[in-house]
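Take a look at the structure below.
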Amino acid sequence: MTDGCTYCGSDIERHDPVFVNEGANAPGNQAGRFCNYACLAAYIESEELTYGTACEWEP
Ligand SMILES: [Zn+2]
């Protein structure tokens, strides 16, 4: 079985995996897993960009 990075799809077992959980009251409810902090940061950035686009107003 292979656990792929949520962002880039790499095999996180070959790196230093970072796990993100969705809320403290939901143990095991994994929001994402990343092969390193760079992917985590890039993923968050892309997510925020998505939200930003949604909130963007037309001039
Ligand atoms: Zn990655």
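Values in this text are rule-based calculations from the coordinates and carry no lab data. Quantities reported herein were computed from a predicted structural model and do not represent experimental measurements.
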Amide proton proximity set for S10, modelled H, under 5 Å, gap of 5+: C5
Placed amide H near G32: partners under 5 Å, 5+ positions off or other chain: V20
